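These notes concern the structure reproduced below.
The values are calculated or read from the model by the stated rules, or taken from the named source; none is laboratory data. Because the structure is predicted, anything quoted here is derived from the model rather than measured. Here the Cβ is made from the backbone with ideal geometry for all residues, glycine too, and neighbour counts use every protein chain on show. Please note that ligands, DNA and RNA were not included when accessible areas were found on the heavy atoms of the full protein model with its side chains. Shrake-Rupley method; radii C 1.70, N 1.55, O 1.52, S 1.80 Å.
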Amino acid sequence: SGNLAERAESRRMTRPYSIDGYAIVSDDHRIADAAGNMPETLKNEADWRYFQAALDAATLTVVGRKGHQANPNHKNRRRLILSRSARGLERRADGWWWNPAGCDWSTALAQTAPEGGAIAIPGGREVFDLFLALGYSSFHLARAEGTVVPDGTSLFSGLNGITPEHLLASHGLQKDATYWLDEAARVSMTVWPTG
């Protein structure tokens, strides 16, 4: 029976996962305003449809607590909420709650998405930072060109004069073609897959 258990564990660990980030940013690399809310200048219908289709296709969506509270889970998607208030990994009525300080990512992933599949990462910044360290399979970066968000929240905390694109490249992602999601509104999309 030991061999059976080992084989089952081996199969579980080799199930295919992809870790896919999704964000729309301004020219100054912001995802939210000074109050932590998404500004109207970053809201675009074509980007929203692209994003919602990705979440519909995902096995699991990983969000921060503020994002979870601001965006009710009307479609009842499987959701993992990052929060320092969680004790490790907890199953609550509104989703799985996870504190990385009390439970590692591989354990959380095995519990919340044992069948494998696409893991969608829509942020916010602390969530984006965490998965930059853990490793993205791809990052879908939309830009609302010609917009700025003064004193807003940047996509990643470690930008310090560099672009998100530079940071993604430094973490092993490679730029794919850029195309218009909405040319009239000047919203572009670039997917950054791993090399």
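Scan the helices (runs of 4 or more DSSP H) fully inside the range 2-76 and keep the ones with 3 or more residues being modelled with pLDDT of 85 or more and farther than 23 Å from residue 100 by Cβ. Before the answer, list the steps.
Working: elements: 2-13, 45-57, 65-70.
Output list reads 45-57.
Can you say whether residue 91 is at pLDDT below 95, outside any loop (DSSP other than H, G, I, E, B) and more than 27 Å from residue 147 (Cβ to Cβ), as far as the supplied structure shows? In short, no.
Among the residues of the range 109-131, count how many are in contact (Cβ under 8 Å) with a residue 40 or more places away in the chain and more than 15 Å from residue 36 (Cβ to Cβ).
As a first pass, look at the range 109-131 and keep what is in contact (Cβ under 8 Å) with a residue 40 or more places away in the chain: 109-110, 112-128, 130-131.
If we keep only those that are more than 15 Å from residue 36 (Cβ to Cβ) as well, we get 109-110, 112-121, 130-131.
Of the residues in that region, 14 qualify.
Here the range 91-146 is the region considered, the condition is being of a type in the set (Ser, Thr, Tyr) and open to solvent by less than 30 Å² (accessible area, probe 1.4 Å), and the residue that is nearest to residue 65 (Cα to Cα) is 112.
Of the residues that sit in the range 80-90 and are touching a helix residue (DSSP H, G or I) at 6+ places or on another chain (Cβ under 7 Å) and among the aliphatic types (A, V, I, L, M), which one is most open to solvent (accessible area, probe 1.4 Å)? Outline the logic, then answer.
Our first condition is that a residue be touching a helix residue (DSSP H, G or I) at 6+ places or on another chain (Cβ under 7 Å); within the range 80-90, this holds for 80-83, 89.
Okay, now just the ones that are also among the aliphatic types (A, V, I, L, M), so 80-82, 89.
Numbers: 80: 0, 81: 0, 82: 26, 89: 43 Å².
Result: 89.
Considering only the range 163-184, I want to know if a residue exists there that is touching a His at 6+ places or on another chain (Cβ under 9 Å), modelled with pLDDT under 95 and surrounded by fewer than 20 Cβ atoms within 10 Å (Cβ to Cβ). So far as the range 163-184 goes, no, none of its residues is touching a His at 6+ places or on another chain (Cβ under 9 Å), modelled with pLDDT under 95 and surrounded by fewer than 20 Cβ atoms within 10 Å (Cβ to Cβ).
Residues of the range 67-90 being touching a Phe, Trp or Tyr at 6+ places or on another chain (Cβ under 8 Å) and without any contact (Cβ under 8 Å) to a residue 40 or more places away in the chain, which ones? Of everything in the range 67-90, those that are touching a Phe, Trp or Tyr at 6+ places or on another chain (Cβ under 8 Å) and without any contact (Cβ under 8 Å) to a residue 40 or more places away in the chain turn out to be 78, 79, 80, 81, 83, 85, 86, 88, 89, 90.
Here's the yes/no breakdown for (1) within 11 Å of the chain's Cα centre (by Cα); (2) on the phi < 0 side of the Ramachandran plot:
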| residue | (1), (2) |
| --- | --- |
| 96 | no, yes |
| 102 | no, yes |
| 107 | no, yes |
| 119 | yes, yes |
| 123 | yes, no |
| 129 | yes, yes |
| 133 | no, yes |
| 144 | no, yes |
| 160 | no, no |
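When residues in the range 185-195 are screened for being open to solvent by less than 20 Å² (accessible area, probe 1.4 Å) and within 20 Å of residue 134 (Cα to Cα), 1 of them pass. Screening the range 28-74 for residues that are aliphatic (A, V, I, L, M) and under 18 Å from residue 145 (Cα atoms) and picking the one that is surrounded by the fewest Cβ atoms within 10 Å (Cβ to Cβ) gives 46.
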